[in-house]
1. So which residues in region 101-120 are crowded, with 16+ Cβ neighbours inside 10 Å and among the β-branched types (Val, Ile, Thr), if there are any at all?
2. Quick one: Asp138 ticks every box in (1) within 20 Å of the chain's Cα centre (by Cα); (2) surrounded by fewer than 17 Cβ atoms within 10 Å (Cβ to Cβ) bar one, so which box is it?
3. Is it the case that region 5-23 has a residue that's aromatic (Phe, Trp, Tyr) and within 30 Å of Thr165 (Cα to Cα)?
4. Consider His149 carefully, then state whether it is surrounded by fewer than 16 Cβ atoms within 10 Å (Cβ to Cβ) and over 20 Å from Thr28 (Cβ atoms).
5. Considering only residues that are of a type in the set (Ser, Thr, Tyr) and free of Cβ contacts under 8 Å to residues at least 24 places away in the same chain, which ones fall in region 131-167?
6. Looking only at region 182-221, filter to residues that are at pLDDT 90 or above and among the polar types (S, T, N, Q); which one of those is nearest to Phe32 (Cα to Cα)?
7. Take region 75-89 and flag every residue that is part of a strand (DSSP E or B) and of a type in the set (Val, Ile, Thr).
8. Give the residues of region 23-77 that are of a type in the set (A, V, I, L, M, F, W, C), closer than 29 Å to Thr180 by Cβ and loosely packed, with under 13 Cβ neighbours inside 10 Å, sorted by residue number.
Amino acid sequence: MAKMALLRKAHKWLALIVGVQFLIWITTGLLFTLVDSEKSHGQIYRAKQNIEQAPALPEQLLTNTQLVEKIALNIAEQSIHSIQLKVFHQQWYYHLNTTTGRYLFSATTGEQFNVEENLALSLILESYQGPGKLTQLDLLTPPIAEFSHIKGRLWQAHFSDEINTTVYLEQNTGRILSHTNDTSDYNDILKMLHFMDYNDTGHFNSWWIITMAILATLLSLSGLFWLVNSHYRKFKNRFFKAA
């Protein structure tokens with residue numbers, strides 16, 4: 001009896017915890033449908049990216065050995081996930097994706113590329129097609145609250161439009177990382193709650209989700225055991241009375 005009382009108590013607490021999270025999932029899912037998708041993704045004033053026409057490939061490219069030497073001189077020891085040959089502003093670069101971020105190295109000289117202020121301003125203005133004026137341009141150093149998963153420095157530009165657009169650009173690659181605004185910030189909160197991404201990892205495969213899955217499983221098992229035990233006791237009582 002004491003064990004069943006403990007089981008019933010645990011089942012009720014599990015139902016409360018899982019029920020609250022289910023309520024959050026339902027509420028945030030409903031709110032997602034009410035938010036303007038263009039505003040929520042920061043795309044309303046983002047210009048369409050033009051496909052850059054690639055120039056002729058240089059005759060003399062760095063060899064693998066030369067590239068590795070240049071990387072070692074500029075970046076601390078790390079694991080390289082991939083290397084791709086890409087065009088940026090009519091120049092060929094090796095694009096590195098590593099454990100510490102993304103980098104560009106000249107395909108001919110091996111010099112590491114970084115976006116300085118004038119180029120950053122030009123790239124950001126190219127990506128913005130709204131009515132606002134640039135009010136502030138800052139270079140952010142990690143950790144950055146809005147992008148905790150990004151390990152490199154970012155250029156941040158604020159615009160004076162009606163939705164307070166902010167543009168982020170990676171200094172190491174010149175890539176426009178994101179356009180955000182008041183609505184997208186609100187949407188980010190909804191996504192954090194809906195996917196339980198409380199550590200801002202950028203995906204939903206977190207220990208929060210795993211914990212909730214375990215609790216939901218325990219809730220189902222305890223409820224099933226409670227149900228079976230209850231019917232078994234009723235059957236047992238009726239059998240003995242009949243006997």
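The values are calculated or read from the model by the stated rules, or taken from the named source; none is laboratory data. These figures come from a predicted structure and were not determined experimentally. No Cβ is skipped: glycine too gets one built from the backbone with ideal geometry, and neighbour counts run over all protein chains shown.
1. Matches in region 101-120: Val115 only.
2. Going through the list (1) within 20 Å of the chain's Cα centre (by Cα); (2) surrounded by fewer than 17 Cβ atoms within 10 Å (Cβ to Cβ), Asp138 breaks only (1).
3. Initially, region 5-23 is screened for residues aromatic (Phe, Trp, Tyr), giving 13, 22.
If we keep only those that are within 30 Å of Thr165 (Cα to Cα) too, we end up with none.
Looking for residues that are aromatic (Phe, Trp, Tyr) and within 30 Å of Thr165 (Cα to Cα), one finds none in region 5-23, hence no.
4. So His149 passes the test.
5. Thr141, Thr166 - these are the residues of region 131-167 that are of a type in the set (Ser, Thr, Tyr) and free of Cβ contacts under 8 Å to residues at least 24 places away in the same chain.
6. Out of the qualifying residues, it is Thr211.
7. Pass one, region 75-89, residues part of a strand (DSSP E or B): 80-88.
Matches in region 75-89: Ile80, Ile83, Val87.
8. Keep residues of region 23-77 that are of a type in the set (A, V, I, L, M, F, W, C), which gives 23-26, 30-32, 34-35, 44, 47, 51, 54, 56-57, 61-62, 67-68, 71-73, 75-76.
Those left that are additionally closer than 29 Å to Thr180 by Cβ: 23-26, 30-32, 34-35, 44, 47, 51, 75.
Hits for region 23-77 are Leu23, Ile26, Leu30, Leu34, Ile51.
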